[in-house]
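*Asks:* I am attaching a structure below and will ask some questions about it afterwards.
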Amino acid sequence: MPAIHELEARELGAAYARGELSPVEVARAALARIAAWEPRINAMYRVRHEAALEEARAAEARWRARRPLSPLDGVPVTIKENIYTRGDPAPIGTRANDDAPPQRDDAPAAARVREAGCVILGKTTMPDYGMLSSGLSSLHGITRNPWRPERNTSGSSSGAAAAAVARYAPLHIGTDIGGSVRLPATHCGIFALKPSLGRVPVYPPYMGRVAGPMTGSVEDAALLMNVLSRPDARDFMSLPQQEVDFAAALDSLQVKGLKIGFLPDMKCGLPVHKEVRAAAEGAAKALGAAGAVVDELPSFLTPEMLDGMARFFEARSHNDFMALPPERQARVLPFIAEWCTWRAARFSGREVMQAYTLVMAMREAAVRACERFDYVLSPTSPILAYEAELPAPGNDPRNALPHIAFTVPYNMSEQPAASVNWTYGEAGLPIGVQLIGKRFDDIGVLRLARLAEKLRPQQRRWPEPA
């Protein structure tokens with residue numbers, strides 16, 4: 001049998017059912033893995049040593065009695081810091097909230113995995129307010145990429161991605177409002193799904209904000225979606241509940257004749273690195289060779305739309321920043337403080353609404369561009385992983401989001417989008433591709449991602465701690 005940390009969620013459940021492994025044994029191995037990696041990568045905000053072992057013992061008893069709560073009973077999971085968990089503070093990545101009180105209730109995603117019997121190992125790191133595509137936080141410090149610790153994980157689900165690469169657990173939950181599960185996925189070489197808005201209940205809900213799985217494989221993400229997509233009345237933007245099995249028939253996608261739009265360049269934001277473009281072209285060629293009809297899709301995004309999105313995010317964060325007393329404002333990461341004030345402090349109501357109108361124009365353009373295709377393929381990020389110490393590529397708080405052009409449109413259009421690792425660059429860093437479906441076709445995106453897993457070049461073994 002492979003080492004415990006190499007096993008996927010389905011394999012762990014099967015081993016529990018056969019009595020070959022115990023959830024306690026697996027939890028101990030996971031905690032040992034965390035202890036070995038954490039000094040190098042800093043992926044965890046809180047580690048629940050005793051609570052995790054207690055949950056594992058309860059899962060062990062249920063498996064012995066042949067009464068598991070779900071196929072994922074006893075499988076370890078990590079949860080991003082901003083997803084509330086009962087008894088844990090949620091400082092949202094910033095030192096301004098370092099005295100945040102423990103939460104009284106679980107957020108929907110945390111409640112669902114707890115109901116399924118998953119062993120919650122702890123909470124993963126994130127940057128200040130989740131508004132950086134980086135592993136840098138004024139509270140948590142620097143979260144580093146396990147493939148190369150001097151490189152960035154990207155963010156904002158930075159700790160979840162690093163924990164997935166380091167194999168702390170097979171299952172991880174992140175959040176995404178502009179690319180925050182997909183950007184770390186491409187830079188860390190894992191799989192992540194940004195579900196359709198409302199597919200996975202969240203609280204509090206917000207335009208474009210979702211929670212989604214971050215895993216080593218498409219199948220594990222699908223199994224986790226079976227749990228996360230269960231209803232929760234607190235999310236007043238959630239979709240009607242569907243009784244579907246996301247993991248069933250993952251291999252059933254008929255690729256022959258499938259219409260794929262290939263979007264190699266958004267023509268705004270950062271230029272596409274040659275290695276990133278080559279990876280996306282390789283995926284397009286592989287899908288074409290498998291029988292899909294691949295046609296190039298011109299960019300639908302304009303610089304004005306992308307800047308409108310940036311201005312909207314700045315205005316939103318400026319509102320949060322100004323609600324803090326001066327002594328707390330001083331503890332926010334300086335990059336974030338400048339980013340959300342340099343122009344947003346002077347925005348008029350008309351200017352905020354102009355930005356919002358551009359966001360809606362971007363939403364319309366994304367849906368229209370994808371309409372004639374079954375799915376769209378693009379790079380996930382235009383760049384390779386950048387320096388770990390930087391809060392954003394380019395380190396410019398007045399131009400902090402030029403790298404989200406491939407991801408943010410689908411948050412606003414509410415379409416499902418996934419990042420699946422395709423290959424590795426010359427420096428050994430992973431390069432993922434993004435797969436986008438029509439609104440509500442989360443199952444289709446998972447099935448296409450499963451196909452991409454089969455077609456992609458040979459994957460490298462996960463890195464090990466030094």
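*Asks:* With +1 assigned to the C-beta of every Lys and Arg and -1 to the C-beta of every Asp and Glu, and no other charges, what is the dipole magnitude of segment 1-125 about the Cα centre in debye, to the nearest 20?
*Replies:* On the way: 19 positive and 18 negative charges, 40 e Å.
Using only the charged Cβ atoms, the result is roughly 200 debye.
*Asks:* A further question on this structure: Suppose the chain between residue 20 and residue 49 were pulled fully straight at 0.36 nm per residue; how much longer would it get relative to their current alpha carbon spacing? Could the numbers behind the result be given before it?
*Replies:* Values: separation 29, 0.36 × 29 = 10.44 nm, distance 2.31 nm.
Computed gain between residue 20 and residue 49 is 8.1 nm.
*Asks:* Hull surface divided by four, with the convex hull built on the Cα atoms of segment 210-349: how many nm²? Please list the in-between numbers first.
*Replies:* Numbers: hull surface 53.7 nm².
Taking a quarter of the hull surface, the average projection is 13.4 nm².
*Asks:* Same structure again: Work through the residues other than residue 359 whose Cβ is under 14 Å from its Cβ and net out their charges, Lys, Arg +1 and Asp, Glu -1.
*Replies:* Numbers: positive: 209, 311, 316, 363; negative: 304, 307, 314, 351, 364, 414.
Computed value for this residue: -2.
*Asks:* What nm value, rounded to one decimal, do you get for the distance between residue 290 and residue 115 when each label is placed 7 Å out toward the C-beta?
*Replies:* 3.3 nm
*Asks:* If you don't mind, another one. Not counting the cut sites, what is the longest span of the chain without trypsin sites (Lys or Arg not before Pro) that DSSP labels loop and that have at most 12 other Cβ atoms within 10 Å?
*Replies:* Values: sites that count: 66, 104, 256, 372, 398, 461.
Excluding the exposed sites themselves, the longest stretch runs over 105-255.
*Asks:* Determine the sum of side-chain charges near residue 445: Lys and Arg each +1, Asp and Glu each -1, restricted to other residues whose C-beta is under 12 angstrom from that of residue 445. Don't jump to the answer; show the numbers that get you there.
*Replies:* Details: positive: 182, 194, 199, 438, 439, 447, 450; negative: 374, 441, 442.
Net of charged neighbours comes to +4.
*Asks:* At a 1.4 Å probe, what is the % contribution of carbon and sulfur to the accessible area of segment 269-324? Provide the component values of the computation, followed by the final result.
*Replies:* On the way: 1430 of 2570 Å².
Here it works out to 56 percent.
*Asks:* Something else about it: Which distance in nm do the two modelled labels at residue 237 and residue 348 give, with both placed 7 Å along the Cα-to-Cβ direction?
*Replies:* That separation, rounded to one decimal, is 2.8 nm.
*Asks:* Compute the Cα gyration tensor for segment 327-433, then decide on rounded, prolate or oblate, letting a ≥ b ≥ c be the square roots of its eigenvalues: rounded whenever a/c is under 1.5, prolate when a/b is larger than b/c in the other cases, and oblate in all that remain.
*Replies:* Working: a/c = 3.05, a/b = 1.17, b/c = 2.60.
Since a/c reaches 1.5 but b/c is at least a/b, the shape of segment 327-433 is classed as oblate.
*Asks:* Another question, then. Over the chain, calculate the relative contact order: mean separation of alpha carbon pairs under 8 Å at least 6 apart, over the residue count, as a percent. Let's see the in-between values first.
*Replies:* Values: 1111 pairs, mean separation 79.1, N = 466.
Here the relative contact order equals 17 percent.
*Asks:* How much length is gained on full extension from residue 330 to residue 267, taking 0.36 nm per residue of separation minus their Cα-Cα distance? The partial results should precede the final answer.
*Replies:* Numbers: separation 63, 0.36 × 63 = 22.68 nm, distance 3.71 nm.
Once the chain is fully extended between residue 330 and residue 267, it gains 19.0 nm.
*Asks:* Starting from the Cα of residue 368, step 7 Å along the direction of its Cβ; do the same at residue 32; then give the gap between the two resulting points in nm.
*Replies:* 5.9 nm
*Asks:* Now, a different point. Hey, got the dipole for the chain? About the Cα centre, +1 on K and R Cβ, -1 on D and E Cβ, debye to the nearest 20? Mind dumping the intermediate values first?
*Replies:* Numbers: 54 positive and 52 negative charges, 58 e Å.
Using Cβ point charges on Lys, Arg, Asp and Glu, the chain gives about 280 debye.
*Asks:* Round to the nearest 0.05 the FRET efficiency obtained for residue 66 and residue 323 when R0 = 51 Å and r is the Cβ-Cβ distance.
*Replies:* Details: r = 52 Å, r/R0 = 1.02.
Once rounded, the FRET efficiency stands at 0.50.
*Asks:* Take the Cα atoms of segment 139-194, find their three principal axes, and give me the spread along each one in whole Å, biggest first.
*Replies:* 26, 23, 20
*Asks:* Summing +1 for each Lys or Arg and -1 for each Asp or Glu, what net charge is found among the other residues whose Cβ lies under 12 Å from the Cβ of residue 464? Could you put the intermediate results ahead of the total?
*Replies:* Values: positive: 33, 40, 167, 460, 461; negative: 6.
So the surrounding residues net to +4.
*Asks:* Let me ask something else. Which percent, to the nearest 5, of DSSP beta bridges fully inside the chain are antiparallel? Numbers along the way, then the final one.
*Replies:* On the way: 31 of 47 bridges.
Taking every DSSP beta bridge within the chain, about 65 percent pair in antiparallel fashion.
*Asks:* Using only the alpha-carbon atoms, what does segment 1-95 span along each of its principal axes? Please give whole angstrom values in decreasing order.
*Replies:* The principal-axis extents, from largest down, are 46, 28, 20 Å.
*Asks:* Still on this structure, I have one more. Can you give the longest stretch of the chain with no exposed loop site, where a site means GluC sites (Glu not before Pro) in a DSSP loop (not H, G, I, E or B) with at most 15 other C-beta atoms within 10 Å? It would help to have the intermediate numbers written out before the result.
*Replies:* Working: sites that count: 20, 150, 243, 371, 389, 426.
Looking at the chain, 21-149 is the longest stretch - no exposed GluC sites (Glu not before Pro) with at most 15 other Cβ atoms within 10 Å.
*Asks:* How big is D for segment 63-105, in µm² s⁻¹ as a whole number, if Stokes-Einstein is applied with the Kirkwood radius of its Cα pairs at 25 °C and 0.890 mPa s? It would help to have the intermediate numbers written out before the result.
*Replies:* On the way: Rh = 12.6 Å.
Estimated diffusion coefficient is 195 µm²/s.
*Asks:* Right, something else. P(r) for segment 293-380: what percent of alpha-carbon pairs falls in each 5 Å bin, starting at zero?
*Replies:* Per 5 Å bin, starting at zero, the Cα-Cα P(r) for segment 293-380 comes out as 3, 13, 19, 16, 13, 12, 10, 8, 5, 2, 1, 0 percent.
*Asks:* Can you tell me the accessible area per residue over the chain, all protein chains present, probe 1.4 angstrom, in square angstrom?
*Replies:* Working: 17280 Å² over 466 residues.
Averaged over the residues of the chain, the accessible area is 37 Å².
*Asks:* Taking R0 as 41 Å, what's the FRET efficiency between residue 426 and residue 338 from their Cβ-Cβ distance, rounded to 0.05? Show your work: numbers first, answer last.
*Replies:* Working: r = 34 Å, r/R0 = 0.83.
Taking R0 as 41 Å, the efficiency between residue 426 and residue 338 is 0.75.
*Asks:* Less than 17 Å from a label point 7 Å out along the Cα-to-Cβ axis of residue 395: which backbone N atoms in segment 152-171 qualify, by residue?
*Replies:* The answer is 152-154.
*Asks:* At a Cα cut-off below 13 Å, give the aspartates and glutamates reachable from residue 454, other chains included and same-chain residues fewer than 8 away excluded.
*Replies:* 219, 251
*Asks:* Still on this structure, please answer the following. Out of 407, 302, 367, whose Cα points farthest toward the positive end of the dipole of the chain (charges: +1 Lys, Arg; -1 Asp, Glu; placed on Cβ)?
*Replies:* The residue sitting farthest along the positive end of the dipole is 367.
*Asks:* Please list, in chain and number order, the residues 5+ apart from residue 80 or on another chain whose amide H is under 5 Å from its amide H, with Hs placed from the backbone.
*Replies:* Distant-sequence amide H within range of residue 80: 124, 173.
The values are calculated or read from the model by the stated rules, or taken from the named source; none is laboratory data. Quick caveat: nothing in here was measured; it's all calculated off a predicted structure. Using ideal geometry, Cβ is built from the backbone for each residue, glycine included, and neighbour counts are taken over all protein chains shown. Remember, those area values only see protein heavy atoms, side chains included, never the ligands or the DNA or RNA. Shrake-Rupley method; radii C 1.70, N 1.55, O 1.52, S 1.80 Å.
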